[in-house]
Amino acid sequence: MTPEIAKQLLFRMMRIRYVEETIAARYSEQAMRCPIHLCTGQEAVSAAVGLVLRPSDFAVSGHRAHGHYLGKGGNLRAMLAEIYGKKTGCAGGRGGSMHLIDESVGFMGSTAIVGNTIPVGVGLGLSIQLSGSDAVSCVFLGDGAAETGVFFESMNFAAVREIPVLFVCENNLYSVYSPLHVRQPKGRKIFRLAQAIGVEAEHGDGNDVEAVYAMMKRAVADIRRNGGPRFLEFDTYRWREHCGPNFDNDIGYRTEQEYLAHRMQEPIKRQHDKLIQSKLLAPEELAAFGESLRVEIEDAFCYAIESPFPDDTDVRARLYA
Amino acid sequence: MPESISTASRQLTFAKAINEALNVALEADDKVICYGLGADDPKGIFGTTLGLRQRFGSARVFDMPLSENAMTGVAIGASLNGIRPVMCHQRLDFFLLAMDQLVNNAAKWFYMFDGQRSVPITIRLILGRGWGQGPTHSQNLQAWFAHIPGLKVVMPTSPADAKGLLLSSIFDPNPVLFIEHRWLHNMVGDVPEGDVRIPIGPLRVARGGCDITIVSMSYMTVEALHAAEYLQERGVSCEILDLRCVNPIDWQAIFESVDKTGKLLVLDTGAETGSIAGEIVARVAIERMGSLKLAPARLAMPDVPEPTSFGMTKGFYVRAGDVAHKVLDMLALERGDVDAHLVEPIPHDVPGAWFTGPF
Ligand SMILES: Cc1ncc(C[n+]2csc(CCOP(=O)(O)OP(=O)(O)O)c2C)c(N)n1
């Protein structure tokens, strides 16, 4: 772990956090008119994977994809414009928050049907294998997605053909408001399922960004060298409501106590304190980064807000290639 | 079986009417179970399943893994041994994962095993629309389902129909898809108390009239009624037939109305090509050509996915104004002040001011 990487991990997490929290703050203006699923609290995986993968590697994701998209290097202005439904959005306003894409950095798409992109990521991996390159295809999924049929079918195929795929499962304990224990047997870990299918798998603390980075780095290097797949499960926690900008600990599906306990573990403060204490990061440097972030994000929101809406003629365009 | 039938009615929302039907069914028959993603969560599937778990216990009302296809097969298996499952999906789109179990098992079982056993399952599917639900959260695929022999497909509009038809669906010996439009959930109407069932099949005359027959379904009936009110002032009397079911379709009632008015407009909540509206136009043309005084017409969604952007959904949906335009054009009447009376509401992408997202 070089000091530079340790800092980059923090900065990348902060950037994702700041974007998400600004979306949350502005959502009530009623100008972002689409469902949004924020990843506040879960930034470590996105930040780490972004440093491990190359732009030529692929990634796909699901409904909670803002962090994954930004982590992979996706264009922030285009993402916000998409959420605002604008012509300049990364999907021209057709997709909204749940359908992000930035092919220029290998982010090949995120879709809203849970499990939907798991086989797509495997297919991208198959294409890598066929072309003989050392690229990797990364599939982001949640604990809920590990209950879909297509999860098992895709993992099986990836295993039998040794496809260069990195499955990254963020286990945040909930699928909407359904806790893990009503959906999966107590005590069984998701990464053990992957192992049983024949995929090398590990499990780690999703709040320890350096540990996440180290595990990912090893897994990706291994895939590049020896082929895939690999499966990583990270324990994490989402702070805000499943869909929308608010906190919802009052509605009864989880307790305030549980929320506070997880919040204590949060990845950003942890990395921040670590770097400050070990004097790897000077307060002035942090402040300067914070300021550049504020400027960047303000600019991106202005861009999104000021961009024009697509119009009627766009509706029927590009239905077929 | 219904024991005490009471017909006293009060005003309920569509969502509350669904909730009441589920309560009545679970109470009436301990073989009824109800499950789905979020069936017992704090939001209770837009309020429709609230309180059920508390009242009937978690053996009969429960959440499920995110496994739509498997859990549909599980419903089928349970139903083969006497259970009456009601499965709930927050969006129709999520249920597409279960097409194999639905089409190859549920719809075929009774026929392919020579009538030995039927599959009495009910599957509630909620249709999304607006507020950026976009291409994968707003699909109106009732025509797909109606196309499959062996399924019944119910699409109520009024709260009373929602309750009465859901009860009939649950106690029907066949698989029934019960499709609820999200924009109806907050609509209020008279709903009778008790175990009052409405038969699956007959349509409802939502408004009597003599100049033109408008056949519609689900939320489109609401728009049709607004249009008809305006058209009445212009001296045009519309007969609105609310289908209630898109399989079976009440052909007799449609034919009789067309015999009377000689004109037909069909409204559909789904995309135009291959729509239920197309089927109705076709069959009326085939069987009632002699009654028709004009070419029949249809209004449906454009043949493109629903985009997310607020900018692209303006004017995208068929609204009362479009219906009125179409009727006036068909009757060769001036459009006159229709645009002033039937404006697309602002904002256009929500069912009412109460809706501020994000679901
Ligand atoms: C096939 C399907 N079923 C249901 C849904 C509704 N839904 C949206 S997100 C979600 C929860 C997914 O949980 P998980 O995979 O753990 O991701 P998280 O939201 O926790 O990030 C569900 C059930 C859906 N989008 N697709």
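The values are calculated or read from the model by the stated rules, or taken from the named source; none is laboratory data. Because the structure is a prediction, the values reported are computed rather than measured. All Cβ positions, even for glycine, are placed from backbone atoms using ideal geometry, and neighbour counts span all protein chains on display. To get the accessible areas, we keep the full protein, side chains included, count just its heavy atoms, and leave off ligands, DNA and RNA. Shrake-Rupley method; radii C 1.70, N 1.55, O 1.52, S 1.80 Å.
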Checklist entry - Mind checking Rg over Rh on region B:113-259, alpha carbons, Kirkwood formula for Rh? => result 0.99
Next on the checklist: Can you give me the solvent accessible area of A:Tyr18 with a 1.4 Å probe, rounded to the nearest 10 Å²?
Outcome noted: 80 Å²
Item to check | Sequence-separation-based contact order of region B:66-225, relative, with Cα cut under 8 Å and 6+ spacing, percent | outcome: 22 percent
Item to check | Solvent-accessible ranking of A:Arg33, A:Arg26, largest area first, probe 1.4 Å | outcome: A:Arg26, A:Arg33
Item to check | Neighbour-limited loop hits for chymotrypsin sites (Phe, Trp or Tyr not before Pro), region B:57-154 (at most 13 other Cβ within 10 Å; DSSP other than H, G, I, E, B) | outcome: B:Phe113
Checklist entry - Hey, any idea what the orientation-averaged projected area of the convex hull of chain A's Cα atoms comes to, in nm²? => result 17.0 nm²
Checklist outcome for this item: For the pair A:Leu319 and B:Lys31, the simple spin-label estimate (label points 7 Å beyond Cα toward Cβ) gives in nm 4.6 nm
Checklist entry - 222 nm [θ] for chain B, helices only, -39500 (n - 2.57) per DSSP H run of 4+, per residue, to 500? => result -9000 deg cm²/dmol
Checklist entry - If R0 is 41 Å, what FRET efficiency do you get for B:Leu333 and B:Gln11 from their C-beta distance, rounded to 0.05? => result 0.70
Item to check | Quotient of C-alpha Rg and 2.2 N^0.38 Å, computed over region A:207-321 | outcome: 1.58
Checklist outcome for this item: Rg/Rh over Cα atoms for region B:54-195, Kirkwood Rh, comes to 0.96
Checklist outcome for this item: Under a 1.4 Å probe, counting only protein heavy atoms, B:Met87 has an accessible area in Å², nearest 10, of 0 Å²
Next on the checklist: Using only the alpha-carbon atoms, how far is helix B:14-28 inclined from the longest principal axis of chain B? Give it as 0 to 90 degrees, nearest 10.
Outcome noted: 30 degrees
Checklist entry - Which of the helices in chain A, when you take each full DSSP H run, stretch at least 18 Å along the axis at their Cα atoms and have an average Kyte-Doolittle score of 1.0 or higher? => result A:118-131
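Translational diffusion coefficient, Stokes-Einstein: compute it for region A:1-117 using the Kirkwood radius over C-alpha pairs as Rh, at 20 °C and 1.002 mPa s, and state it as an integer in µm² s⁻¹.
Numbers: Rh = 14.2 Å.
Diffusion coefficient, whole number: 151 µm²/s.
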Checklist entry - For region A:89-167, which GluC sites (Glu not before Pro) are both in a DSSP coil and crowded by at most 16 other Cβ atoms within 10 Å? => result A:Glu162
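What per residue convex hull volume, in Å³, comes out for the protein assembly as shown when only alpha-carbon positions are used?
166 Å³
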Checklist outcome for this item: As straight-line cross-link partners of B:Lys152, the qualifying lysines (C-alpha separation under 22 Å, not fewer than 8 residues apart within one chain) are B:Lys31, B:Lys108, B:Lys163
Checklist entry - Under a no-solvent Debye model with one identical scatterer per Cα of region A:53-115, what's log10 I(q)/I(0) at q = 0.12 Å⁻¹? => result -0.23
Checklist entry - Longest exposed-loop-site-free stretch of chain B, with GluC sites (Glu not before Pro), DSSP loop and at most 11 other Cβ within 10 Å? => result B:4-333
Item to check | Computed Kirkwood radius, in angstrom, where 1/r is averaged over Cα pairs of region B:1-134 | outcome: 15.9 Å
Item to check | Accessible heavy-atom area order of B:Lys16, A:Lys186, B:Lys263, highest first, probe of 1.4 Å | outcome: A:Lys186, B:Lys16, B:Lys263
Item to check | Whole-angstrom gap from region B:69-144 to region A:254-268, using each part's C-alpha centre | outcome: 38 Å
Checklist entry - What are the semi-axes of the equivalent ellipsoid for region B:313-357, taken as the square roots of 5 times the Cα gyration tensor eigenvalues, largest first, in whole Å? => result 25, 10, 7
Item to check | region B:11-57: proportion of alpha-carbon pairs further apart than 16 angstrom, % | outcome: 32 percent
Checklist outcome for this item: Residue-normalised 222 nm signal for chain A, counting each DSSP H run of n ≥ 4 as -39,500 (n - 2.57), nearest 500 deg cm²/dmol, is -14500 deg cm²/dmol
Checklist entry - Per 20 Å bin, what is the whole-percent P(r) computed from every C-alpha pair distance within chain B? => result 30, 58, 12, 0
Checklist outcome for this item: Nearest-0.05 FRET efficiency for A:Lys279 and A:Tyr18 at R0 = 22 Å, using Cβ-Cβ distance, is 0.35
